[in-house]
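The values are calculated or read from the model by the stated rules, or taken from the named source; none is laboratory data. Since the model is a prediction, treat every value here as computed from it, not as a measurement. Reconstructed Cβ throughout: ideal geometry from the backbone, glycine too, with neighbour counts over all protein chains shown. Surface areas here come from the heavy atoms of the whole protein model, side chains and all, with no ligands, DNA or RNA. Shrake-Rupley method; radii C 1.70, N 1.55, O 1.52, S 1.80 Å.
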Amino acid sequence: MEVSPWIAILATGIVAGIPILLAALGEILAERAGVINLGVEGMMLIGAVVGFMVSLQSNSPWVGLIAAVLAGAMMALIHAFLTITLRANQVVSGLALTIFGTGLSGYLGKSFIGVPLTATFKPVPVPGLSQIPAIGPIFFNHDLLVYIAYGLVALLWFFLFRTRSGLELRAVGENPAAADAAGLNVFLIRYACVIAGGMFAGMAGAYLSLAYAPSWLENMTAGRGWIAVALVIFGVWNPTKAFLGSFFFGTIDVLGFHMQTLGIVVSSFFLKMLPYVFTIAVLIVATRETKTRRVAIPEALGVPYVREER
Amino acid sequence: MNKFKRGIALLLSFLLVAAIALTGCGGNQTTGDDKSKDVGNQQKLKVAFVYVGPVGDAGWSHSHDQGRKYLEKEMPNVETTYVESVPEGADAERVLTELASKGNKIIFATSFGYMDPVIKVAQKFPDVVFMHATGFKTAPNVGTYFGREYQARYLSGIAAGKQTQTNVLGYVAAFPIPEVVRGINAFTLGVRSVNPNATVKVVWTNTWYNPATEKDAAKSLLDSGADVIAMHQDTPAPMQAAEEKGKFAVGYHTDMSSFAPKAVLTGPVWNWGPYYVKTVKAVMDKTWTNEQYWGPMADKIIDIAPFGPMVGDEAKALIMKKRDAIDKGEWDVFTGPIKDQLGTVRVAEGQKMTDQEMLSFDWFVQGVEGMISK
């Protein structure tokens with residue numbers, strides 16, 4: 001049974017978008033609370049290598065996934081401590097985290113390069129749903145982590161925009177002083193969000209090394225952490241829009257190869273550039289809207305909170 | 001108080017960066033018994049290897065490191081060193097200089113991009129023999145070496161041509177350079193020698209080494225109807241993609257069947273060990289010359305991996321027959337008539353392509369679907 005090229009492209013686009021989606025969801029949480037974390041790439045790499053090593057030892061991808069999530073949290077904790085407690089520059093700390101994660105993951109994973117992994121996540125079609133024409137093969141014929149990612153999108157959206165805790169979280173990112181005055185613990189909330197963001201990034205890394213291309217090699221994220229940061233802006237800090245964005249970016253990612261098989265030649269460098277071009281475009285639009293309607297960019301993003309002395 | 005905290009933050013940031021500087025550097029390892037130096041075994045010949053990738057990658061660098069291990073096992077009076085993950089360019093020059101000044105008498109530089117650094121460093125160390133894999137520049141103390149991998153590609157093409165049901169085969173290719181183009185052409189000729197209706201679709205990845213990208217490329221080929229995936233890449237990801245879809249694959253570099261046991265038919269594999277032993281012996285006996293060695297399958301420098309269980313007896317027999325003809329020198333892969341994609345005869349009946357022509361391949365044979373971007 002041959003599927004039509006478009007369905008095949010969109011189905012691989014969904015999967016290619018999952019690692020950047022997971023990482024972007026985490027970054028949305030952190031940025032909504034007012035902390036930029038540019039260490040996504042580093043946290044993903046640590047998640048990927050730890051997930052791989054633990055899966056190999058335990059022979060269970062789930063144990064590996066949990067280890068990757070914890071490893072991502074540990075990495076994020078460094079960032080949280082530096083930027084929230086010590087009020088270091090968030091950009092500098094995030095960049096350092098990426099470089100640190102790249103080096104450390106390469107060091108940890110040295111002896112695991114080229115080792116085959118049998119305990120991986122395998123595609124599990126959803127009974128019923130996968131039979132729907134077009135929708136089925138595109139959305140419901142993947143591994144379990146993809147469905148978990150769908151669930152996380154909905155969960156995060158509901159949490160951010162429909163619960164009291166979500167409102168409090170956003171308040172911390174918009175106006176921490178007012179939130180503090182209202183009795184919220186700004187430091188605690190920011191810590192929680194940054195660490196949760198690291199968990200998502202760790203999971204994103206594990207998705208690469210356990211499901212997407214089950215193997216480990218140095219720098220295997222190949223810039224996906226940066227695309228995730230761009231995706232947060234593209235999705236205007238909204239989980240559902242980030243999902244659409246990841247689908248879009250993922251599709252662009254695989255489109256080049258499919259076009260080659262159809263005999264259409266477009267420079268792969270041009271296609272690789274596209275996600276960033278769109279991100280810049282969205283940034284321009286979002287910034288303009290911010291002025292008029294105050295959507296999008298959290299007001300206190302990147303600003304360390306200094307509680308006034310009493 | 002605030003200043004103090006900022007100071008700590010800055011300090012921690014620096015520590016992070018320092019940590020990377022320490023961990024990020026490529027490994028430099030001397031194997032063999034280091035203590036033996038003190039025991040007075042001063043006759044040990046020091047041989048060094050420079051790799052472009054990590055030794056554990058199951059690909060190109062791994063195959064050379066297997067050769068290094070073979071050399072050390074076969075010749076106990078040789079001490080080997082290797083430096084892995086050395087980028088092509090200025091870093092290579094530094095590493096080569098360091099190895100030469102540390103007393104290594106033979107240095108094997110195993111990546112194409114080391115060519116100019118090798119020539120440059122070799123001038124400064126006339127007593128050291130440099131061997132450069134895949135290159136074409138020589139000097140009084142610089143030789144080159146490579147294997148005729150296209151012969152093994154052709155044979156793996158026979159297995160693939162017999163296996164395909166859809167008559168569409170996919171080829172995940174790294175860069176449009178003569179070495180890769182030659183491999184695609186040889187594979188296609190092999191496929192069409194047993195299955196004249198089959199076509200080989202090519203997708204370029206523009207990377208040697210990126211499992212996720214290679215897998216995406218393989219998936220796109222599988223989606224477009226290919227049921228056997230061949231590849232010129234450094235990771236087994238394209239084969240894993242084929243295995244997941246229940247399709248077949250042809251490996252490269254080393255026996256990659258452990259990564260996709262149900263998919264891998266066979267594949268060209270490198271076997272550098274015997275050549276390294278031969279070269280080191282020649283240097284010791286002072287019979288070494290700065291030759292440009294392009295070893296055929298008969299020398300066993302390039303071979304094909306053991307067949308997977310799905311390969312039929314008929315295919316095996318055909319492969320053995322062709323292999324015999326190649327080994328005896330009766331026939332070679334690029335013997336005419338060979339047509340290009342437009343159907344024009346490029347190599348006339350009975351004519352053989354010269355080494356020079358093969359080393360500068362820039363056109364596809366008939367049956368290849370794809371383009372060489374220039």
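Would segment B:343-350 turn up any residue that is touching a residue at least 12 places away in the same chain (Cβ under 8 Å) and among the polar types (S, T, N, Q)?
No, that holds for no residue.
Quick check on segment B:23-31. Is at least one of its residues of a type outside the set (Gly, Ala, Ser), assigned to a loop (DSSP other than H, G, I, E, B) and either at pLDDT 60 or above or not assigned by TED's automatic domain parsing to the domain that holds B:GLY251 (or both)?
yes
Does B:THR289 qualify as being at negative phi, assigned by TED's automatic domain parsing to the domain that holds B:GLY251 and hydroxyl-bearing (Ser, Thr, Tyr)?
no
Restricting attention to segment A:56-66, and to residues there that are touching a residue at least 24 places away in the same chain (Cβ under 8 Å) and of a type in the set (A, V, I, L, M, F, W, C), which single residue is surrounded by the most Cβ atoms within 10 Å (Cβ to Cβ)?
In this case the residue turns out to be A:LEU65.
Going through segment B:106-161 one residue at a time, which ones are among the aromatic types (Phe, Trp, Tyr) and surrounded by fewer than 24 Cβ atoms within 10 Å (Cβ to Cβ)?
B:PHE112, B:PHE125, B:PHE136, B:TYR145, B:PHE146
Return a yes/no flag: does segment B:168-178 have any residue that is part of a helix (DSSP H, G or I), in contact (Cβ under 8 Å) with a residue 40 or more places away in the chain and within 19 Å of B:PHE334 (Cβ to Cβ).
yes
For segment A:32-55, which residues satisfy the criterion of being more than 14 Å from every other protein chain (Cβ to nearest Cβ) and open to solvent by 10 Å² or more (accessible area, probe 1.4 Å)?
Matches in segment A:32-55: A:ARG32, A:ILE36, A:VAL50, A:VAL54.
Among the residues of segment A:14-36, is any assigned to a helix (DSSP H, G or I), touching a strand residue (DSSP E or B) at 6+ places or on another chain (Cβ under 9 Å) and over 28 Å from A:PRO298 (Cα atoms)?
Yes, segment A:14-36 contains at least one residue that is assigned to a helix (DSSP H, G or I), touching a strand residue (DSSP E or B) at 6+ places or on another chain (Cβ under 9 Å) and over 28 Å from A:PRO298 (Cα atoms).
Specify which of the listed residues (A:LEU82, A:LEU22) is free of Cβ contacts under 8 Å to residues at least 40 places away in the same chain, open to solvent by less than 10 Å² (accessible area, probe 1.4 Å) and touching a Leu at 6+ places or on another chain (Cβ under 8 Å).
Criteria check complete, one pass: A:LEU82.
Kindly check whether there is at least one residue in segment A:144-153 that is surrounded by fewer than 20 Cβ atoms within 10 Å (Cβ to Cβ), over 21 Å from A:PRO19 (Cβ atoms) and not acidic (Asp, Glu).
Checked segment A:144-153: no residue is surrounded by fewer than 20 Cβ atoms within 10 Å (Cβ to Cβ), over 21 Å from A:PRO19 (Cβ atoms) and not acidic (Asp, Glu).
Quickly run through segment A:201-228 and pick out the residues that are modelled with pLDDT of 95 or more and open to solvent by 10 Å² or more (accessible area, probe 1.4 Å).
Correct list: A:MET203 only.
What number goes with the only condition from (1) over 30 Å from A:TYR305 (Cβ atoms); (2) outside any helix (DSSP H, G or I); (3) facing chain B (nearest Cβ under 9 Å); (4) not acidic (Asp, Glu) that A:ARG87 does not pass?
(1)
Tell me whether segment B:179-186 contains one or more residues that are part of a loop (DSSP other than H, G, I, E, B) and assigned by TED's automatic domain parsing to the domain that holds B:LYS262.
No, that holds for no residue.
Among A:VAL146, A:VAL115, A:VAL124, A:VAL92, which is aliphatic (A, V, I, L, M) and over 30 Å from B:GLN233 (Cα atoms)?
Only one candidate passes the filter, namely A:VAL92.
Quick one: in segment A:248-269, of everything that is more than 9 Å from every other protein chain (Cβ to nearest Cβ) and assigned to a loop (DSSP other than H, G, I, E, B), which residue is modelled with the lowest pLDDT?
A:VAL266
Take A:PHE159 and decide whether it is open to solvent by 60 Å² or more (accessible area, probe 1.4 Å) and more than 10 Å from chain B (Cβ to nearest Cβ).
yes
Can you work out which of the residues in segment B:194-220 that are among the hydrophobic types (A, V, I, L, M, F, W, C) and either part of a loop (DSSP other than H, G, I, E, B) or more than 16 Å from A:SER215 (Cβ to Cβ) (or both) is most open to solvent (accessible area, probe 1.4 Å)?
Restricting to residues being among the hydrophobic types (A, V, I, L, M, F, W, C) and either part of a loop (DSSP other than H, G, I, E, B) or more than 16 Å from A:SER215 (Cβ to Cβ) (or both), the top hit is B:TRP208.
Name every residue in segment A:105-114 that is part of a loop (DSSP other than H, G, I, E, B) and at the interface with chain B (Cβ under 7 Å from one of its Cβ atoms), in order of residue number.
Result: A:ILE113, A:GLY114.
For segment B:121-141, does any single residue satisfy the condition of being in a strand (DSSP E or B) and either assigned by TED's automatic domain parsing to the domain that holds B:LEU189 or of a type in the set (Phe, Trp, Tyr) (or both)?
yes
Which members of segment A:99-143 meet the condition of being of a type in the set (S, T, N, Q) and either open to solvent by 50 Å² or more (accessible area, probe 1.4 Å) or farther than 21 Å from A:ILE66 by Cα (or both)?
Hits for segment A:99-143 are A:SER111, A:THR118, A:SER130, A:GLN131, A:ASN141.
Anything in segment B:245-257 that is over 20 Å from B:LYS219 (Cα atoms) and either outside any strand (DSSP E or B) or free of Cβ contacts under 8 Å to residues at least 12 places away in the same chain (or both)? List them, or say none.
B:THR254, B:ASP255
Would you be able to tell me the number of residues in segment A:128-149 that are assigned to a helix (DSSP H, G or I) and free of Cβ contacts under 8 Å to residues at least 60 places away in the same chain?
Counting residues in segment A:128-149 that are assigned to a helix (DSSP H, G or I) and free of Cβ contacts under 8 Å to residues at least 60 places away in the same chain gives 8.
Taking segment B:221-244, which residues are part of a helix (DSSP H, G or I), open to solvent by less than 10 Å² (accessible area, probe 1.4 Å) and either among the basic types (Lys, Arg) or more than 9 Å from chain A (Cβ to nearest Cβ) (or both)?
Answer for segment B:221-244, where residues must be part of a helix (DSSP H, G or I), open to solvent by less than 10 Å² (accessible area, probe 1.4 Å) and either among the basic types (Lys, Arg) or more than 9 Å from chain A (Cβ to nearest Cβ) (or both): B:PRO238, B:MET239, B:ALA242.
Can you confirm whether segment A:185-192 contains a residue that is crowded, with 17+ Cβ neighbours inside 10 Å and at pLDDT below 90?
Scanning segment A:185-192, I find no residue that is crowded, with 17+ Cβ neighbours inside 10 Å and at pLDDT below 90, so the answer is no.
Which numbered condition trips up B:VAL277, out of (1) part of a strand (DSSP E or B); (2) more than 9 Å from chain A (Cβ to nearest Cβ); (3) surrounded by fewer than 24 Cβ atoms within 10 Å (Cβ to Cβ)?
(1)
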